[in-house]
Every structure is written in structure tokens, then in C-alpha cells.
Amino acid sequence: MAQKTTSSVSAFVEEVTGIFSQYWGGHYEVVQTFFSRKPAQEDLVNWLEWQAHKEIQSIPRQAKSILEMYENLDEEVERGEMRHEAYEMADEILHYCVLTDILEMITGRRRPAREFVGSTSRESVALREVRRQGGRGRLADLVGSFGGPGGGTAFSAAGMLIDGGPVERQLAAAFKIIHDQELHHYQSARFAFDQNVGQADSSELPGALEFARNLARAHFLERNALFSYPLSPERIAEIDAGLVARFDPH
Ligand SMILES: [Fe+2]
């Protein structure tokens, strides 16, 4: 087994935290820039439709998982695990509801949930690929579990502040709901990471760090794509270089 030192672990935690807060700053800027330019309705509708898909697509998997937990409840499955999964699923349904209420108000039309599809942008495909490949090992899983909600907290923190007309006010209220729940998911996942990182084998650190880097960047680039590219390639290069107001969920 590879030797591990406290300093290698603390350097790892510092580096992972730094990478994420840099790109979470990017998520914040994407949303702030998008709404500050009075977006075209088509761009707003596209984002709402893609986001609606993101919120609702996990429901079959989560419902199946809850059912399986029920089959083994208080045997192999701890009650708290089932409760946790059920609340996560309820949160996603609520996000779906608040966003599709606004979408319906804008378009005047209700669509079946299963009609919503994910974005097929290059950035969305790349993010799915990072997630598919990256979660090797317990430490990388822990990194991934707080990395996603951290980006969600950053984008919704910017969204909470938008104003303008009735649509913007309702969007801000929806972002506030999403923000509070994403922040809660972030905090509990971050707590699990902080609790467990000390026990990780040092051989796991480089792979988990690379995964953090790939995930943080790909998630930010997808956010920019979902909002119809408010940030230019030049601005993205600056953010890559660290020229950005960092965002730390709190
Ligand atoms: Fe959500």
C-alpha cells in the first residue's frame, strides 16, 4: 500500500476545492451574463426544456431504487438511506414543477414529462462521458457527489438575484427553491468527503484529482452551452486561467 502523509491529503483537498470554486465562479457568471442581456425567448425556452429534462430524468431510477430498498428495509437497508433517497427524489420533482410552471406560462402549452429530452450539445455529451468514465473508486465518487450540487448552488445563487418582469420574478423564486436544496445536498456530500478523505489511500489521490478537474470544467462548459453560450471562448480561456471571482457554496 502506498504511504500517505497528512500534507499530501491536505494539499489534495486544497487543490480539489480550488478547482471547483474556480469553475463554480464560471457557473455563476454564465447565469448572471445570460439574464443581464435580456435573453431571447427561444434561448430561455430551450434552457427551461433542457433543465426540465435534467430534473425529471432521474425519477425512474430513483423510484426503482426506493422500491428495492423497501424490499430489504431494516434488513440490509438502513431506514435513513431510504429516507434520504426519497427526499432527493422529491426535491427533483419540485425543481421540475417550478420550472415547468414557468415554461407553461411562457409557451401557453403543457407537454408530457417524457417528451423532454436532454441537450445533445458537444458539451453535454462530454460531461456525460466524464461522469461515465470518472467515478472510479470511492474517493472519486465522493468528489463527484459534492461537485455536482456545488455547481447547482452556484448557478442558482446567480438566478435568485434576477429581476425585470413577471417571468424573471418567478424564475428568481424557482432558483431560490433550487438553491436551498442544492446547498443542502452540497453540504451533506461535502461533509461525507471531508470525513472520508483522510482514510483514502494515497494511490487514489491523483485519479480523484484528475476527475475533479475534468468534472468541474465539463460541468461549467455544459452550463454555458445550456444557456446558449453567453460566455465567449476568450472568456472561457480566462476562467480556465483562474481569472474569475471564485464561488464557494454557503
Ligand atoms: Fe434538481
Show the residue pairs that are 6+ apart or on different chains and have beta-carbon atoms under 7 Å apart, the first residue being within region 126-140 and touching a residue at least 60 places away in the same chain (Cβ under 8 Å), the second being assigned to a helix (DSSP H, G or I) and of a type in the set (S, T, N, Q).
-> Val130/Asn214; Gly134/Asn214
Within region 154-187, can you find the residues that are in contact (Cβ under 8 Å) with a residue 40 or more places away in the chain, more than 11 Å from the ligand (Cβ to nearest atom) and touching a Pro at 6+ places or on another chain (Cβ under 9 Å)?
-> Ala154, Ala157, Leu183, Tyr186, Gln187
Count, please, the residues in region 1-42 that happen to be more than 24 Å from Gly150 (Cα to Cα) and either modelled with pLDDT of 95 or more or not β-branched (Val, Ile, Thr) (or both).
-> 11
Which residues, taken from region 132-153, are away from the ligand (no atom under 16 Å from the Cβ) and of a type in the set (A, V, I, L, M, F, W, C)?
-> Leu139, Ala140, Leu142, Val143
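If I filter region 200-209 for residues that are over 16 Å from Thr33 (Cβ atoms) and in contact with a His (Cβ under 8 Å, 6 or more places away or on another chain), do I get at least one hit?
Scanning region 200-209 turns up no residue that is over 16 Å from Thr33 (Cβ atoms) and in contact with a His (Cβ under 8 Å, 6 or more places away or on another chain).
In region 184-208, what residues are part of a helix (DSSP H, G or I), hydrophobic (A, V, I, L, M, F, W, C) and surrounded by 19 or more Cβ atoms within 10 Å (Cβ to Cβ)?
Ala189, Phe193, Val197, Leu205, Ala208
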Which residues, counting only those in region 38-94, are over 15 Å from Ile178 (Cβ atoms), basic (Lys, Arg) and within 16 Å of the ligand (Cβ to nearest atom)?
-> Arg61
List every residue pair whose Cβ atoms sit under 9 Å apart, with the two residues 6 or more apart in sequence or on different chains, where the first one lies in region 54-80 and is farther than 28 Å from Thr100 by Cβ and the second, anywhere, is away from the ligand (no atom under 16 Å from the Cβ) and of a type in the set (Lys, Arg).
-> Leu73/Arg79
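The values are calculated or read from the model by the stated rules, or taken from the named source; none is laboratory data. On a predicted model such as this, the values are computed, not experimentally measured, just so you know. Neighbour counts are summed over all protein chains in view; Cβ atoms, including those assigned to glycine, are modelled from backbone coordinates with ideal geometry.
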